[in-house]
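Undergrad: Below you'll find the structure I mean.
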């Protein structure tokens, strides 16, 4: 049952990410965009500021803390 909760939470995180990206850039996250992001070695396609990376890092830490503190069942 815990795997179902984790998958559900991952789905909600993906939906939140897509919502934020769409609100800012007016396109949805899809496989092509993820591939561009993961294969952008020198920042030629995506160029994020340090503050953006800090916000992303803080969101990941908060999400992991909430996941660790929530009951599994």
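The values are calculated or read from the model by the stated rules, or taken from the named source; none is laboratory data. The structure presented is a predicted model; accordingly, all values stated were derived computationally and were not measured. Methodologically, a virtual Cβ is constructed for each residue, glycine included, from the backbone with ideal geometry; neighbour enumeration extends over all protein chains shown.
To keep it simple, each residue is scored yes or no on (1) surrounded by 10 or more Cβ atoms within 10 Å (Cβ to Cβ); (2) touching a residue at least 12 places away in the same chain (Cβ under 8 Å); (3) touching a strand residue (DSSP E or B) at 6+ places or on another chain (Cβ under 9 Å); (4) in a loop (DSSP other than H, G, I, E, B).
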{"position": "15", "(1), (2), (3), (4)": "yes, no, no, no"}
{"position": "18", "(1), (2), (3), (4)": "yes, no, no, no"}
{"position": "24", "(1), (2), (3), (4)": "no, no, no, no"}
{"position": "28", "(1), (2), (3), (4)": "yes, no, no, yes"}
{"position": "34", "(1), (2), (3), (4)": "yes, no, no, no"}
{"position": "52", "(1), (2), (3), (4)": "yes, no, no, no"}
{"position": "65", "(1), (2), (3), (4)": "yes, no, no, no"}
{"position": "68", "(1), (2), (3), (4)": "no, no, no, no"}
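Undergrad: Something else: Of all residues being surrounded by 11 or more Cβ atoms within 10 Å (Cβ to Cβ) and assigned to a helix (DSSP H, G or I) in region 36-50, which is modelled with the highest pLDDT? Just the residue, please.
TA: 36
Undergrad: If residue 2 meets every condition in (1) within 14 Å of the chain's Cα centre (by Cα); (2) at pLDDT below 85 apart from one, which number is that one?
TA: Failed condition: (1).
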